[in-house]
Each structure stands twice: as C-alpha cells, then as structure tokens.
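Structure, as structure tokens:
Values quoted throughout were computed directly from the atomic coordinates according to the rules given, and no laboratory measurement underlies them. Keep in mind that this is a model prediction, so the values were computed, not measured. A quick note on method: Cβ atoms are made from the backbone with ideal geometry, for glycine too, and the neighbour counts reach across all protein chains shown.
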Amino acid sequence: MFPKAALVALSFAAVVLGQQPGSVDAENHPRLSVQQCTAGGSCTTQQREVVIDANWRWLRHDVPNTYNNCYTGSDWNSEYCSDPVSCAENCAVEGANYQGTYGITTSGNALTLRFMTQGQHGKNVGSRVYLMDSPDTYQMFDLNNQEFTFDVDMSQLPCGLNGALYFVQMDQDGGMSRFTTNSAGAKYGTGYCDAQCARDMKFINGEANLLDWGSSPTDPNAGKGRYGTCCNEMDIWEANSMATAYTPHTCGQGGGQVRCEGTDCASFEDRYDGICDKDGCDFNSYRMGDKEFIGRGKKVDTLQKITVVTQFITGSNGMSEIKRFYVQNGQVIPNSYSTFPGLTDVNSLTDEVCERQKELFGDFNDFADNGGMAEMGKGFEKGMVLAMSIWDDHEANMLWLDSQYPLNRDPSEPGIARGECAQDTGDPAYVQANHPNAQVTFSNIKYGPINSTFTQ
Ligand SMILES: *[C@@H]1O[C@H](CO)[C@@H](O)[C@H](O)[C@H]1NC(C)=O
C-alpha cells in the first residue's frame, strides 16, 4: 500500500480494543470456506472463519457489570489508560456484531465488506478481517511456488475506495505468546502490522499506543501514537472499479512484526529512512501504460465478477517473479504488457523489472534496499496472514491508486497517471457522503501449486 490510510474508523458511542478478551459481547467469527488445490487440479474445501481486527472493537473498562469506555472517538480515557501497561490491564476488547455494527457478512465462500454501516451505536466506516484456521489462530500461508486465486466483485466500488486483499507477516497467535500482556490474541484480531508501519493501532506488542497519541485531523475515529507496527506485506489486490495494483513491500529488519519508533517508522517526508519499503514495487496496468486493459467496460471488466490469479515463481535463489492472470467469462486473460519503450516485454514483477520501472518513473528503489523478491519469499516461508479490507484514504485520497500522483508532477510523465479518477473524488468526506453503500465481495479463494487453481 502507499500512504496507507488510517483506515480505522467507527464512530461508536464508544469504541474499540484492548488486550484482554471481553466478557460482555460474545465473539462469533463468520464462517468462510476456501479451497486448497493439488497439482492435478482437484481442490478440497476447508471450512475457515474470519475475524475483525481488534482496532475496530469496543474497548471496555474491564470491571464486571460496567460499560465504560477505555477509548472514545479518537481519545483515550485517562482514568483507565494513564500509561500503556495499566491500560492493557484495565481494558478489554469485546466481541463484535459483524453484520449489525460493521457490515461484514459471509455466505459459503463469499465475504462482503460494506463501506459504511449505521449500527445501533453509531456509524462504522471501513473494516479489516483476517482468515483463521482455528478459533484462536490465523491461517499461515507460504505461497513460494504456489498460486493464489479469488473472485472479486468491484462493481460497487468507486473512485477513492480500496477493496484490498493482501498478506502481512503477523504472528499466528496475534502476538499472545511473545507479549504476555496480550491475552486477547488472534481470536480478537490482535497483532496487525504492515509495511507502512501502522501507527494508528491502539495496541502494539501488548501495550496501549497512547503515548504522544494525536487525533487524526480528518478522521473523527482515528489517531496515531508514538509507535508503529511493521512487517513484510504482499498486496495481491488493491483496487476499485477504476484501477488495480499488486505490490510486494519488504522490510529489511527480517520481515516479522516489530514495533518501530521515530525514523524507523518513517513519515511521508523521510519515507525511505524507515524499516520498511513504503512504496513497494507495484504493477498497475494503467500506470504501466495500458489504459484500456482493466476498468469499467474495459477488456477486463470491473463491472462484472473477475477471477484474479497470482503466481509466485520461486527458484534456487528464492522468490523471483510474481505473475498475474485474469479469468472472465471463461477466458484467461494474461496481464497487460507495459507500453513504455524499454518496458514493452514486461507483464510481471521481478527485481529487474522493479529496477527498470523505478528508473523510468523517477522513483527511488527502496524495494531493492529492503531485500526485494527474495525477502518477500522469506516472509512467505515463515508464514503470512491473509487480510481483506475496505478503506478510504485520509492521507492521500487514494490518488496513488486511481488518479494522478503526486499532484505536483506533470501527468504526462511516465508513472504519474495511475487511473482515470478525478483529483477531488477520493477525499474521504466526499466518498463517505456520496458512496455510503459501496461494498466489495471477495469469493472462491483457492490456493495450490502453479496452474492448479484455474483452467487455461
Ligand atoms: C503453467 O502454465 C503455463 C501456460 O500453459 C506454462 O507456460 C507454465 O510452464 C506452467 N507452469 C507450471 C509450473 O506448470
């Protein structure tokens, strides 16, 4: 992701997370089936479940028969949360009403995330869920020499929104065993990290992130603390009906979840000085020059369901290439080729492609500095967690995905135009006012050896 937004939202009368499991509302994970395929192409259905991230939950002062909030809007309650450790002791993350509060529903192999939901306690904006292989653990994926396939319906996902499906190198138990003050764990969606070194997380490493907490200037439900939480991230799909990108981001420190502070977290200005590669190496067909390839009514039509296939080619030197195919109406459509001179042989990502692309676009190659493809492969070897989310972008209005970015550069220069969206329709205030019913559906997730999950 790019300047990944403080997606967290939810203007609950109360809100969100701590690191004790709650006792007021039960936690019932929605079920979602996925399929694991074998080289011969036969697939086995697995019954799984998803969990919403702890950041969205009601964070309650953990005293029996009381309903006081440890966190409201974008503020900590200083009585229960005067310091990071006592806050973790005093506060509990409660179970979630997935449909009623957060607009999250599943049916068979399909997951739908609604952008905005008016619930009993207030208005929720956006959400993020993780795939679990038991009620208490995230499912860990190793996609070296494997492919990952899913269907997506983005017909109701306009400019400024992002329906994302990606992998992050979180702990399988949400950090419970490494951080003893976290007794909620993966069952409550704890332990998030990503390559933007998310600073909007209310708890990191089992402690409240309340030091230096500052409210977001534009998001009434979010803030940022002193610490961030970093790890390798593989964005398989960041998209709306106007633009799509797939992007590996690596972190030079070894890939797994670490807490950062100061320059290590990096802000926009010192983005190349941090632990992780914030830009990543992206393949966005429009940005690579083929403006007719994917979009509304285009060759790959985002107004209809799309099957997205991503292949992770791994050789003796580790992961080397990430390839993409689409399938629509029974037709396999290989990824678009770049139209830029010197890149016309390119329709996938390798370290060499990243180097050539960044040189042409005038981008710094922080991906190479953080280990590149091989590091991404090492991350998967250790195991990565599947995240799916819907969000709007309080930092850069999603312009990096679907419009022109940065705004101070000539859009006719290679790499600046990323999609056909206007420069003002990605503002969260605009998106929330005009597209409250936006939603994305991910379905039919399959994984297995190369060429096992789709018919060519
Ligand atoms: C997958 O299929 C493509 C196209 O038919 C082929 O070129 C490639 O070698 C296959 N890969 C594997 C590992 O079977």
Counting helices only, and only those DSSP H runs with n ≥ 4, report the 222 nm mean residue ellipticity of the chain as the sum of -39,500 (n - 2.57) divided by its residues, in deg cm²/dmol to the nearest 500. -2500 deg cm²/dmol
Restricting the calculation to Cα positions, tell me the Rg (one decimal) and the Dmax (whole number) of the stretch 296-346 in Å. 13.7, 41
Test item: Cα-centred dipole of the stretch 208-359, Lys/Arg +1 and Asp/Glu -1 on Cβ, debye: 640
For the chain, with the dipole built from +1 on Lys and Arg beta-carbon atoms and -1 on Asp and Glu ones, taken about the Cα centre, which of T244, A88, I204 lies farthest toward the positive end? T244
Quickly work out the S82-to-N28 label distance, labels modelled 7 Å from Cα along the C-beta direction, and quote it in nm with one decimal. 4.0
What translational diffusion coefficient, to the nearest whole µm²/s, does the chain have by Stokes-Einstein, given a Kirkwood radius computed over alpha-carbon pairs, a temperature of 10 °C and 1.306 mPa s viscosity? 73
In whole Å and largest first, what semi-axes does the C-alpha gyration tensor of the stretch 372-433 yield when each eigenvalue is scaled by 5 and square-rooted? 29, 19, 8
Among T302, C265, S320, pick out the residue whose Cα is farthest towards the positive end of the charge dipole of the stretch 264-320, where Lys and Arg carry +1 and Asp and Glu carry -1 on C-beta, about the Cα centre. T302
Please work out the Cα center distance from the stretch 25-70 to the stretch 331-351, rounded to the nearest Å. 37
Net charge dipole size for the stretch 118-229 [Lys, Arg +1 and Asp, Glu -1 on Cβ; Debye, nearest 20]: 520
Take the Cα coordinates of the stretch 280-389, assign each an equal point scatterer, and use the Debye formula without solvent to give log10 I(q)/I(0) at q = 0.11, 0.18 Å⁻¹. -0.40, -1.02
Alpha carbon Rg of the stretch 187-262, scaled by the compact-globule rule 2.2 N^0.38 Å: 1.22
Where does each of V129, V63 land when they are ranked from fewest to most other beta-carbon atoms within 10 angstrom? V63, V129
Nearest 10 degrees, 0 to 90: helix 351-361 Cα axis against the chain principal axis: 90
Beta carbons within 10 angstrom, averaged per residue: use that to sort the peptides 271-278, 156-163, 115-122, highest first. 156-163, 271-278, 115-122
